[in-house]
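Each remark here refers to the structure printed beneath this line.
The values are calculated or read from the model by the stated rules, or taken from the named source; none is laboratory data. No experiment lies behind these values; they were computed from the predicted model shown. Please note: Cβ atoms are built from the backbone with ideal geometry, for glycine as well, and neighbour counts cover all protein chains shown. Just so you know, the surface numbers come from the protein's heavy atoms only, side chains and all, with ligands and any DNA or RNA stripped out. Shrake-Rupley method; radii C 1.70, N 1.55, O 1.52, S 1.80 Å.
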Amino acid sequence: MSNKKLFLSLIYSSIAIIILVSLGTWQLERLRWKTNILSSMKLSLSMPPIKISSEIIENINKYSYRRIALTGNYLNDNYLTIYSKVLNKKVGKHLVVPFKTQYGTILVNRGFIPKDFNIINENKSGLVKINGIVKFQQKINYFTPKNNIYKNEWYYININDVSDYLSAPLLNFYIVEENNIEEKYPVGSQYNINIPNDHLQYAITWFSLALALSIFMNIFWRKNVS
């Protein structure tokens, strides 16, 4: 092999190794970031619920996944359902109902209901107290269908979409109601903190590829310069 080709091979391989190491380092940063998020979520969920207040509303971004206590009225006539959901191998939906408080109207995900659940007969009425966790507008993946507010078809919670559908203002967060063991349905506490954290595996993969390429280039170099 000519010196020029050998030199170019070394340059391209070095660039590839730098890229692989950079990707591995980035994955380690992502690992640290996600580990901190998961730890914060678990800590928030372990704390007792706090009573909603004007101060909490003003600083709601600090209270993600925090348990919170609300008092108000369900606006049962304006319920909607998010589908399709599965719980214990049963297909159904999530029941979402606006909840009017003295601080404004908040969407509440009351939990899972089977597809044959009679929502009208089972909805709570009057002044009620509930506990739930604070969540914000959902991020969706590529495969999730878009909401169709004209057909009342919902696949995820988008507060702006629901506000347009109801023609009513909503606060910029929603609540996942905690499960009430006295009720068969809805099944509350429909949140998931078992978020995959595979960044260490990805980092090991990138670093391993960089090491393998380094070994290969070392062998290749020795063979062609000897």
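Taking the options Ser208, Ser167, Ser163, name whichever one is open to solvent by 40 Å² or more (accessible area, probe 1.4 Å), within 30 Å of Glu58 (Cβ to Cβ) and without any contact (Cβ under 8 Å) to a residue 40 or more places away in the chain. Exactly one of Ser208, Ser167, Ser163 is open to solvent by 40 Å² or more (accessible area, probe 1.4 Å), within 30 Å of Glu58 (Cβ to Cβ) and without any contact (Cβ under 8 Å) to a residue 40 or more places away in the chain, namely Ser167. Quick check, is Lys5 free of Cβ contacts under 8 Å to residues at least 24 places away in the same chain, within 25 Å of the chain's Cα centre (by Cα) and open to solvent by 70 Å² or more (accessible area, probe 1.4 Å)? No; evaluated as a whole, the condition is false for this residue. Lys146 fulfils the conditions (1) in contact (Cβ under 8 Å) with a residue 60 or more places away in the chain; (2) part of a loop (DSSP other than H, G, I, E, B) except for a single criterion, (1).
With respect to Trp33, is the statement that it is open to solvent by 30 Å² or more (accessible area, probe 1.4 Å), farther than 21 Å from Asn179 by Cα, of a type outside the set (A, V, I, L, M) and under 19 Å from the mean Cα position of the chain (by Cα) true? Considered against the rule, which asks whether it is open to solvent by 30 Å² or more (accessible area, probe 1.4 Å), farther than 21 Å from Asn179 by Cα, of a type outside the set (A, V, I, L, M) and under 19 Å from the mean Cα position of the chain (by Cα), Trp33 comes out as yes. Taking the criterion of being at pLDDT 90 or above and in contact with a helix residue (DSSP H, G or I) (Cβ under 8 Å, 6 or more places away or on another chain), the residues of region 169-185 that qualify are Pro169, Leu170, Leu171, Asn172, Phe173, Tyr174.
Selection of region 11-25 for residues being open to solvent by 50 Å² or more (accessible area, probe 1.4 Å) and among the hydrophobic types (A, V, I, L, M, F, W, C) yields Ile11, Ile15, Ile18, Ile19, Val21, Leu23. Quick check on Lys223: is it open to solvent by 70 Å² or more (accessible area, probe 1.4 Å), charged (D, E, K, R) and part of a helix (DSSP H, G or I)? Against the criterion (open to solvent by 70 Å² or more (accessible area, probe 1.4 Å), charged (D, E, K, R) and part of a helix (DSSP H, G or I)), Lys223 qualifies.
For residues in region 143-160 being farther than 20 Å from Ile68 by Cβ and among the hydrophobic types (A, V, I, L, M, F, W, C), which is least open to solvent (accessible area, probe 1.4 Å)? The residue in question is Trp154. Against the condition polar (S, T, N, Q) and in a helix (DSSP H, G or I), how does Asn141 come out, does it pass? For Asn141, the condition - polar (S, T, N, Q) and in a helix (DSSP H, G or I) - is not met. Restricting attention to region 76-90, and to residues there that are out of contact with any helix residue (DSSP H, G or I) (no Cβ under 7 Å at 6 or more places or on another chain), in contact (Cβ under 8 Å) with a residue 12 or more places away in the chain and of a type in the set (Ser, Thr, Tyr), which single residue is most open to solvent (accessible area, probe 1.4 Å)? Here the answer is Tyr83. Restricting attention to region 93-142 and to residues that are aromatic (Phe, Trp, Tyr) and open to solvent by less than 50 Å² (accessible area, probe 1.4 Å), the residue that is farthest from Tyr191 (Cα to Cα) turns out to be Phe117.
Across region 59-75, which residue is nearest to Gly132 (Cα to Cα) among those that are surrounded by 15 or more Cβ atoms within 10 Å (Cβ to Cβ) and of a type in the set (Lys, Arg)? Of everything passing the filter in region 59-75, Arg67 is nearest to Gly132 (Cα to Cα).
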